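Asker: Before I ask anything, let me first share the structure, which is written out below as structure tokens.
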Amino acid sequence: MAGSQVGTDDYALARVPASARYSWWSVATQRFGQISALSQFLLGATLGFGMSFWTAFWALTLGAVILELVAILIGIIGAREGLQTSVIARWAGFGQAGSSLIGLAIGISLIGWFGIQSAVSAAGLSSLIGVLPTWGWSLVFGLAVTLVVLRGFHSMAWVAYVTVPAFLILVGWSIISELSDHSLGALASSAPPGPELSLLQGTTLVAGGFIVGAVITPDMTRYNRSTGDVVKQTLLGITLGEYVIGLSGVLLAHAVGSADVITIVTSSVGWVGTLVIILGTLKINDWNLYSSGLGVVNFIGTVFGRHVNRAVVTLVVGVLGSLLAAGGILTKFTDFLILLGVAFPPIAGIMVAEYFVVKRWRPDLDRSREHGALPATAPTWVPATIVIWIGAALIGKYVEWGLPSINSLVVGFAAYVVAGKLGLVRGVGTSRTMDSEDTEVTAVPVTR
């Protein structure tokens, strides 16, 4: 395929074979890289501006537990099956057509955030280096990330080995510089400088801030070698990310009396603070683009019956996202992207319910997994699932009691289990899995 000359397809629609899997530490570094990002810094600052240190600590703890439960359960599915999120969905309650909707939602949502994050880094690069206007740096940064993602998981792992330690060193430097004139004990016991947030509100911010990342966990864990590896990397990556970066943001907010700690850090430590922004954005943005590409590949494959190369799709999507970022268009779509994010938690609830409880199509996955292939067919539609998905998303959007993202996730899970027990979970139509007989892949063993 001509597209293979652009980059690697990275098993976009196939199972990742055992010989292509990575050590848990390698995957954990990338998971931690997703959490130790600019957005987590800002989240911590938001909590610190409206909460005491210890209330923020418990909000981060509760939010982390919620995210870890979701990421571990759906991540185990990814590790067992070796498949990306939207492909698993074909046999995890959604059917062929339903999985295409998931792929499209993932593609649109994450390319939007890719563009927004590119614009954030572009502003930092423009102030640090100059030379180019912000729109020019948007193109440069977006295309640089695209080149990394073209080479697939292996290239992204090496970027994580460099950027994650560098990010932590720079964050440590900037925090020490800013907090050196303050007593940590006094900061930890001080009242919040801004309008008060409740523990429930804080937990909602933490859980909702990374729920999309938790839902698409199989995109990453399909490269894990065991379910134990999934548990270890999730506990390490999410816990450290929430505490190290989140609590740093809390302390900075208390120290400067503002939630805008990024501006404070940048102005106080100059180019170091700007590098913090750039590195913190890079490591989450490559996964935004990677998962977006996987979702689009599945959408095209299920709707148009064509297996397009992941790298080609990544190139197209990356260039598009970079252009939109340069044009400043994506900032107008933030509310839409947040609204779209409400649709993601029920996906995880439904997939976990089908795979571990209802098991309507689980035997198909089990049989095909023995041969490293995909099941030959999948249901075209599962009407009950679509109704449950929409209903749970609406509950997450409009019910104000509790945690919105968790409300929709739990409702999706419980409603699917009930529907399954009542015999309402049935497929309508049967679709042949594209290239199902050709999905068994032989990979060259590598040392990691």
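Asker: Given (1) in a strand (DSSP E or B); (2) more than 19 Å from Thr302 (Cα to Cα), where does Ala378 come up short, assuming only one miss?
Answerer: Status for Ala378: all satisfied but (2).
Asker: Hey, another quick one. For the stretch 356-402, which residues satisfy the criterion of being under 24 Å from the mean Cα position of the chain (by Cα) and in contact (Cβ under 8 Å) with a residue 24 or more places away in the chain?
Answerer: Scanning the stretch 356-402 gives Phe356, Thr385, Ile386, Ile388, Trp389, Gly391, Ala392, Ala393, Gly396, Lys397, Gly402.
Asker: Sticking with this structure for a sec: Going through Val256, Val212, Val231 one at a time, which residue ends up being buried (at least 24 other Cβ atoms within 10 Å of the Cβ) and of a type outside the set (S, T, N, Q)? Full working, then the answer.
Answerer: On the way: Val256 fails: buried (at least 24 other Cβ atoms within 10 Å of the Cβ); Val231 fails: buried (at least 24 other Cβ atoms within 10 Å of the Cβ).
One residue alone meets the criteria, Val212.
Asker: In this structure, is Ile176 assigned to a helix (DSSP H, G or I), without any contact (Cβ under 8 Å) to a residue 60 or more places away in the chain, exposed (fewer than 13 other Cβ atoms within 10 Å of the Cβ) and under 30 Å from the mean Cα position of the chain (by Cα)? Before the answer, list the steps.
Answerer: On the way: assigned to a helix (DSSP H, G or I): yes; without any contact (Cβ under 8 Å) to a residue 60 or more places away in the chain: yes; exposed (fewer than 13 other Cβ atoms within 10 Å of the Cβ): yes; under 30 Å from the mean Cα position of the chain (by Cα): yes.
So Ile176 fits the description; yes.
Asker: Return the residues of the stretch 310-345 that are farther than 17 Å from Leu110 by Cβ and either modelled with pLDDT of 90 or more or open to solvent by 90 Å² or more (accessible area, probe 1.4 Å) (or both); say none if nothing qualifies.
Answerer: The answer is Val312, Lys332.
Asker: As an exercise: evaluate Ala191 against (1) in contact with a helix residue (DSSP H, G or I) (Cβ under 6 Å, 6 or more places away or on another chain); (2) at pLDDT 85 or above; (3) over 30 Å from Trp25 (Cβ atoms) and give the number of the one condition it does not meet.
Answerer: Result: Ala191 fails condition (1) only.
Asker: Just the residues that are closer than 26 Å to Ile111 by Cβ and among the acidic types (Asp, Glu), please, taken from the stretch 182-238.
Answerer: Asp219
Asker: All but one of (1) part of a helix (DSSP H, G or I); (2) out of contact with any Phe, Trp or Tyr (no Cβ under 6 Å at 6 or more places or on another chain); (3) modelled with pLDDT under 90; (4) not aromatic (Phe, Trp, Tyr) hold for Leu69, so report the exception by its number.
Answerer: (3)
Asker: Mind listing whichever residues of the stretch 354-373 are closer than 16 Å to Gly78 by Cβ and either in a helix (DSSP H, G or I) or touching a Ser or Thr at 6+ places or on another chain (Cβ under 7 Å) (or both)?
Answerer: Residues satisfying the conditions are Glu354, Tyr355, Phe356, Arg362, Leu365, Asp366, Ser368, Arg369.
Asker: Okay, moving on. Restricting attention to helices (runs of 4 or more DSSP H) lying wholly within the stretch 231-306, give those where 1 or more residues are at pLDDT 75 or above.
Answerer: On the way: elements: 247-256, 261-269, 271-304.
Of the helices (runs of 4 or more DSSP H) lying wholly inside the stretch 231-306, those with at least 1 residues that are at pLDDT 75 or above span 247-256, 271-304.
Asker: Since Ser405 meets every condition but one in (1) free of Cβ contacts under 8 Å to residues at least 60 places away in the same chain; (2) assigned to a helix (DSSP H, G or I), which condition does it not meet?
Answerer: All conditions are met except number (1).
Asker: In the stretch 58-88, how many are open to solvent by 10 Å² or more (accessible area, probe 1.4 Å), within 17 Å of Thr239 (Cα to Cα) and among the aliphatic types (A, V, I, L, M)?
Answerer: Qualifying residue count for the region: 7.
Asker: Being of a type in the set (Phe, Trp, Tyr) and over 19 Å from Val212 (Cβ atoms) is the filter; apply it to the stretch 393-417 and report the residue that is least open to solvent (accessible area, probe 1.4 Å).
Answerer: At the first step, the residues of the stretch 393-417 found to be of a type in the set (Phe, Trp, Tyr) are 398, 401, 413, 416.
Cutting the leftovers down to over 19 Å from Val212 (Cβ atoms) gives us 398, 401, 416.
Working: Tyr398: 162, Trp401: 198, Tyr416: 0 Å².
Once the filter is applied, the top-ranked residue is Tyr416.
Asker: Quick one: count up the residues across the stretch 100-145 that are open to solvent by 20 Å² or more (accessible area, probe 1.4 Å) and either touching a strand residue (DSSP E or B) at 6+ places or on another chain (Cβ under 6 Å) or of a type in the set (S, T, N, Q) (or both).
Answerer: Within the stretch 100-145, residues that are open to solvent by 20 Å² or more (accessible area, probe 1.4 Å) and either touching a strand residue (DSSP E or B) at 6+ places or on another chain (Cβ under 6 Å) or of a type in the set (S, T, N, Q) (or both) number 4.
Asker: Please find, among Gly202, Gly152, the residue that is on the phi > 0 side of the Ramachandran plot and either of a type in the set (Asp, Glu) or in contact (Cβ under 8 Å) with a residue 24 or more places away in the chain (or both).
Answerer: On the way: Gly202 fails: on the phi > 0 side of the Ramachandran plot.
Answer to the selection: Gly152.
Asker: Quickly run through the stretch 23-57 and pick out the residues that are modelled with pLDDT under 85, in a helix (DSSP H, G or I) and open to solvent by less than 10 Å² (accessible area, probe 1.4 Å).
Answerer: Within the stretch 23-57, Gly33, Ile35, Phe41 meet the criteria.
Asker: Just the residues that are within 17 Å of the chain's Cα centre (by Cα), closer than 14 Å to Val145 by Cα and β-branched (Val, Ile, Thr), please, taken from the stretch 97-122.
Answerer: Ile111, Ile116
The values are calculated or read from the model by the stated rules, or taken from the named source; none is laboratory data. Please read these numbers as outputs of a predicted model, since none were measured by experiment. Here Cβ is always computed from backbone atoms with ideal geometry, including for glycine, and neighbour counts include all displayed protein chains. Side chains are part of the model used for accessible areas, which takes the heavy atoms of the whole protein and leaves out ligands, DNA and RNA. Shrake-Rupley method; radii C 1.70, N 1.55, O 1.52, S 1.80 Å.
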